[in-house]
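These notes are about the structure you will find just below.
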Amino acid sequence: MTVRTRFAPSPTGLLHIGNARAALFNFLFARHHGGQFLLRIEDTDRERSTQRAVDVIFEGLAWMGIVADEEPVFQSTRQGRHTEVAQELLAKGLAYRCYCTADELKQMREDAIANGQPPRYNGMWRDRDPSEAPEGAPFAVRLKAPRDGETVIKDLVQGEVRVANAEMDDLIILRSDGTPTYLHAVVCDDHDMAITHVIRGDDHLTNTFRQAMIYRAMGWDLPHFAHLPLIHGPDGAKLSKRHGAQSVVEFRDEGFLPEALCNYLLRLGWGHGDAEILNREEQIRLFDLDGVGRSPSRMDYVKLTHLNGVYMREADNARLTDDVIERLKEREDITVDDVLRARVLTLMPGLKERAKMLTELADSAAFLGRSLPFTYDAKAQKQLSEEGKDVLRGVAQALALVEPFEAAAIDGALREFAESKAIKLGQVAQPLRAAMTGSTVSPGIDLTLQALGRDEVLARIGAAIAHG
């Protein structure tokens, strides 16, 4: 058997982090077993489905490195097939036409509640002759659910789950306007796509009992089911905006690397010994459903941020530079050109040691693209006292003579200058840092000066001396 999994989002909003984790688990499970991972867009809700939401799904999955093995299937293009299956069930006597009006269904629900029963359809048209219906009356198609026994699902995460068939009513598979219901369409699509494993959130677990009835009525083999516990906020409540980012796009825009987010999502509800940091190859080699827990996971933004910092320090400098440049393009006070790119790339080894987010990285690199004169923060202004400016005048003369203008030679010149003035190196570096950045924070001052280049360094020293 070739393992075939699928990710089947509805394009009605952003790609939620819980859905992204489900996509990742489906992808890794298929790769681990040498199988195939498929993508289906469940766009039958035409009023709420948007092309922008479809694009966001494709964009988010591509950013996470989750690639489908076949062209995506759009559920809306398969309505004819969904209807065909419903007609087949009608022909076999396993489904029937229900002519109940909205008022009749409302009355049924009210009567059931009044009798202390769950509100559901009472089977009014299950065994009636359709000739009793008013001529031309609209009808829905309902599946004849078994009334005796129970439906058992051997879930690969939740274990054996069962429900008495008497607790389930006859579900609608075609609405009165001829459109298929979600539960029916999903079963038809999963069967036709030869899906062997349905891995999804456990909020779908109750749907599974109903879907199993359609499979069995058609004589189709059921896929294996695995229902993943949901992701909660740090406080154990349902994840919401007040907790922080919820969608893949938000995490990307806030400055997380895709490999850090994927690593974190993998470990959120799945474990393999003490392994915390796993690259994609290791994830594929190790992932299987037996490591997935049954309890809801709590989103820990602090832990994710720490993990992102670890990945940033390992990331390629050119790649990080490209991201920083894109973020700096959005700032009006920054001149983005090849000079800035070269400066950021030169300084990246030092910049990335301090940052945990790409947004932080862009903030810390912004000084490299600012034009003179620029603003000095309060701490920087303290460094630009008359004493500090005297240091800058002397160090400017020393730096003008440094050859080549590179970190090692710069460091030597600064140390020699400090020694000649009988002051500590920090008393030279801090006024310099204030002059270069407008703040008192930067990577090593020697690398910072090298990245800016001699002419810019001397210009910034001159501006700092003239300030105030």
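To the nearest 0.05, how large is the calculated FRET efficiency for Asp45 and Glu456 if R₀ is 45 Å and r is the Cβ-Cβ distance? Before the final figure, lay out the partial values.
Details: r = 56 Å, r/R0 = 1.25.
My answer for the efficiency is 0.20.
How big is the stretch 201-271 in terms of Cα radius of gyration and Dmax, in angstroms?
That works out to 16.9, 49 Å for Rg and Dmax.
Helix-only estimate, please: 222 nm mean residue ellipticity of the chain, summing -39500 (n - 2.57) across DSSP H runs of length 4 or more and dividing by its residues, to the nearest 500.
Values: 19 runs with 224 residues, N = 468.
So the calculated ellipticity at 222 nm is -15000 deg cm²/dmol.
How far apart, in nm, are two points set 7 Å out from the Cα along the Cα-to-Cβ line at Ala466 and at Ala62?
Each label point is offset 7 Å from its Cα along the Cβ direction, giving 4.7 nm.
Once both axes come from the Cα atoms, what is the angle between helix 79-91 and the longest principal axis of the chain, in degrees from 0 to 90, rounded to 10?
So the helix axis and the longest Cα principal axis differ by about 30 degrees.
Counting only protein heavy atoms and using a 1.4 Å probe, what share of the accessible area of the chain belongs to carbon plus sulfur, as a whole percent? Mind showing how you got there, number by number?
Numbers: 10950 of 22350 Å².
Ligands and nucleic acids excluded, carbon and sulfur reach 49 percent.
Please list, by residue number, everything in the stretch 171-204 whose backbone N is under 20 Å from a paramagnetic label point 7 Å out along Cα→Cβ of Ala102.
Hits in the stretch 171-204 for Ala102 at 20 Å: 172-182.
Taking the alpha-carbon distance from Lys329 and a cut-off under 21 Å, which lysines remain once sequence neighbours fewer than 8 residues away in the same chain are dropped?
Here the lysines satisfying the reach criterion relative to Lys329 are Lys352, Lys356.
Once you have the Cα-Cα distance between Phe374 and His204, take 0.36 nm times their residue separation minus that, and quote the gain in nm to one decimal. Walk me through the numbers before you get to the answer.
Details: separation 170, 0.36 × 170 = 61.20 nm, distance 5.60 nm.
Going from the current span to full extension adds 55.6 nm.
What does the C-alpha gyration tensor say about the overall shape of the stretch 252-350? Classify as rounded when a/c is under 1.5, otherwise prolate if a/b is larger than b/c, or oblate. Numbers along the way, then the final one.
Numbers: a/c = 3.49, a/b = 2.37, b/c = 1.48.
In terms of gyration-tensor shape, prolate.
Tell me, what is the FRET efficiency for Gln87 and Glu314 to the nearest 0.05, using R0 = 56 angstrom and their Cβ-Cβ distance as r? Intermediate results must be reported in sequence, preceding the final value.
Details: r = 57 Å, r/R0 = 1.02.
Once the sixth-power term is evaluated, E becomes 0.50.
Suppose each label sits 7 Å from its Cα in the direction of the beta carbon; what would the Asp129-Asn279 distance come out to in nanometres?
7.4
What number comes out for accessible area per residue over the chain if the probe is 1.4 Å? Units Å², please.
Per-residue accessible area for the chain comes out at 48 Å².
With N denoting the number of residues in the chain, provide Rg(C-alpha) divided by 2.2 N^0.38 Å, to two decimal places.
Numbers: Rg = 31.6 Å, N = 468, 2.2 N^0.38 = 22.8 Å.
Scaled against compact globular proteins, the figure is 1.39.
Compute the helix-to-body angle for 205-218: its Cα long axis versus the longest principal axis of the chain, expressed 0 to 90° and rounded to tens.
50
Could you tell me how far the Cα centroid of the stretch 287-323 sits from the Cα centroid of the stretch 65-137, in Å?
Taking the Cα centre of each part, the stretch 65-137 and the stretch 287-323 sit 44 Å apart.
For Asp253 and Ala164 in one chain, what is 0.36 nm times their gap in residues minus the Cα-Cα distance, to one decimal in nm? All intermediate terms of the calculation are to be shown ahead of the outcome.
Details: separation 89, 0.36 × 89 = 32.04 nm, distance 4.69 nm.
Extra length from Asp253 to Ala164 when fully extended: 27.3 nm.
Suppose the chain between Asp390 and Ala137 were pulled fully straight at 0.36 nm per residue; how much longer would it get relative to their current alpha carbon spacing? Write down the numbers at each step before the final one.
On the way: separation 253, 0.36 × 253 = 91.08 nm, distance 9.46 nm.
Computed gain between Asp390 and Ala137 is 81.6 nm.
The values are calculated or read from the model by the stated rules, or taken from the named source; none is laboratory data. These figures come from a predicted structure and were not determined experimentally. All Cβ positions, glycine included, derive from the backbone under ideal geometry; neighbour counts span all protein chains shown. The protein model used for the area step is the full one, side chains on, heavy atoms only, and it has no ligands, DNA or RNA in it. Shrake-Rupley method; radii C 1.70, N 1.55, O 1.52, S 1.80 Å.
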